[in-house]
Amino acid sequence: MVARFLADDALTRQAETWARDYRLLAPVREGQAVVYRTWAPDMRPFLGRPPTASAKQALLPQTENLLTYTYRKEPTDLTRTEVFLAEPLPPEPTVVLGARPCDARAGKLLDRVFLERGVKDELYARRRAATLFVTVACESMENTCFCHWTGGGPTSEEGSDVMLFPVSGGYVARAITEAGEKLLAALPEAPAATMEELAGILAHLPEPGPAPDLRQAPERFLKLFDDMDFWTDESARCLSCGVCTYLCPTCSCFNITDEDWGLKGKRVRTWDTCMSALYTLEGSGHNPRSARAQRLRNRVGHKFCYHPREFPGETGGQPEVSCTGCGRCIKSCPVSVDIRRIVRDILEKGEGK
């Protein structure tokens, strides 16, 4: 596919063009954060650094209505009631602008949960099919990034429909899929000099540090499963605030509640977090994960043990773990809990068990 050129001063116009045909989610600066917002005429997309939150919300909204319902009583017999259900409208075709490669790769891991494990989630499936990702290649790795641990990299194309490569004066836009090619159809072809510049940039991308071999992580995690001294030490600083799970592009926990207003109501799905003590609290009052150490063990175990055991396979020489190495959980943790250190400790201390 032909590489296109998107000039800096044409970015907003191009976003406006996409917004005519799609619901466009674009990153904008709000204070010190970079957040996704639905496109509005006065917006200016900001692609200067990765968004604070992941693009997961495009596929799995933080709050969504699963259905609405109305009870209608029979006028001649009030003991008889009919229930009328209304499903949500089909999702709008959507373009997510400014996601990073680690976010686009997360879609595959969410698919495992909502499309391939047990019952297929039709709402998620329809939204997934209607969503395109225009990602921005990373020029460098922050000190919290570890995408190379999980088979990714700063220019990984997996999950993207279009990838933008920063160059002088704008971006080289490379279509990955046919749908991505349609998004770029109106852009000019990238000049030869620009392509030479890009080749030089890609040839001199900084090398990431060494990645641990995660193939032993599931076995060593299980060896440490009942070592509560280990998990208590690892979780000593954790506040159980859940920010790691809410910002994570692959966490998929949710809660479902019914909100009633007399004879009408709706069923709502909202994000939830396994780091909350209420998440596993049963109606009986029993809580199988009442301790913070148990909750942290569950979070780490799901990503680096349970998932690769359920979905064996490798990506870039590493097992498929439920993590893309975006580093948001490290960067935004108020007490600097580092999941990389926990995984290294598992590999080291689990070896001798």
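The values are calculated or read from the model by the stated rules, or taken from the named source; none is laboratory data. Quick caveat, the model's predicted, so the values are computed rather than measured. Cβ placement follows ideal geometry from the backbone for every residue including glycine, while neighbour counts extend to all protein chains displayed.
Worth pointing out:
- Long-range neighbours under 9 Å by Cβ, at least six apart or interchain, first residue more than 28 Å from Glu314 (Cβ to Cβ) within segment 214-238, second modelled with pLDDT of 95 or more and of a type in the set (Asp, Glu): Asp233/Asp345
- Residue match in segment 38-55 (condition: modelled with pLDDT of 95 or more and part of a strand (DSSP E or B)): yes
- Residues satisfying the criterion are present in segment 335-344 (criterion: modelled with pLDDT of 95 or more and either touching a Pro at 6+ places or on another chain (Cβ under 8 Å) or in a strand (DSSP E or B) (or both)).
- Filter pass, Leu97 being buried (at least 20 other Cβ atoms within 10 Å of the Cβ), among the aliphatic types (A, V, I, L, M) and closer than 22 Å to Glu30 by Cβ: yes
- Filter pass, Ala217 being exposed (fewer than 12 other Cβ atoms within 10 Å of the Cβ) and either part of a helix (DSSP H, G or I) or of a type outside the set (Ser, Thr, Tyr) (or both): no
- Subset of segment 250-278 (residues that are touching a Gly at 6+ places or on another chain (Cβ under 9 Å) and closer than 26 Å to Met228 by Cα): Asp272, Thr273, Cys274, Met275, Ser276
- Among the residues listed as Arg117, Arg126, the single one being under 21 Å from the mean Cα position of the chain (by Cα) and either on the phi > 0 side of the Ramachandran plot or in contact (Cβ under 8 Å) with a residue 60 or more places away in the chain (or both): Arg117
- Total residues in segment 104-114, condition under 18 Å from Trp271 (Cβ atoms) and in contact (Cβ under 8 Å) with a residue 60 or more places away in the chain: 6
- Subset of segment 136-195 (residues that are of a type in the set (Gly, Ala, Ser), assigned to a loop (DSSP other than H, G, I, E, B) and over 21 Å from the mean Cα position of the chain (by Cα)): Ser168, Gly169, Ala185, Ala186, Ala190
- Members of segment 292-320 that are touching a residue at least 60 places away in the same chain (Cβ under 8 Å) and not in a helix (DSSP H, G or I): Phe311, Glu314, Thr315, Gly316, Gly317, Gln318, Pro319, Glu320
- In segment 60-100, residue nearest to Leu164 (Cα to Cα) [restricted to those that are among the charged types (D, E, K, R) and more than 19 Å from the chain's Cα centre (by Cα)]: Glu92
- Just so you know, in segment 85-134 the residues that are out of contact with any Leu (no Cβ under 7 Å at 6 or more places or on another chain) and basic (Lys, Arg) include one that is nearest to Gly327 (Cα to Cα), and it is Arg100.
- Pro308 in contact with a Lys or Arg (Cβ under 6 Å, 6 or more places away or on another chain), surrounded by 18 or more Cβ atoms within 10 Å (Cβ to Cβ) and not basic (Lys, Arg): no
- Single residue of segment 183-197 satisfying the filter (touching a strand residue (DSSP E or B) at 6+ places or on another chain (Cβ under 9 Å) and without any contact (Cβ under 8 Å) to a residue 60 or more places away in the chain) that is farthest from Leu296 (Cα to Cα): Ala185
- Filter result (closer than 26 Å to Glu92 by Cα, within 27 Å of the chain's Cα centre (by Cα) and assigned to a helix (DSSP H, G or I)) within segment 1-12: Leu11, Thr12
- Verdict on Gly180 being within 12 Å of Val136 (Cα to Cα), in contact with a strand residue (DSSP E or B) (Cβ under 6 Å, 6 or more places away or on another chain) and small (Gly, Ala, Ser): no
- Residue check, Leu24 aliphatic (A, V, I, L, M), touching a helix residue (DSSP H, G or I) at 6+ places or on another chain (Cβ under 6 Å) and in contact (Cβ under 8 Å) with a residue 40 or more places away in the chain: yes
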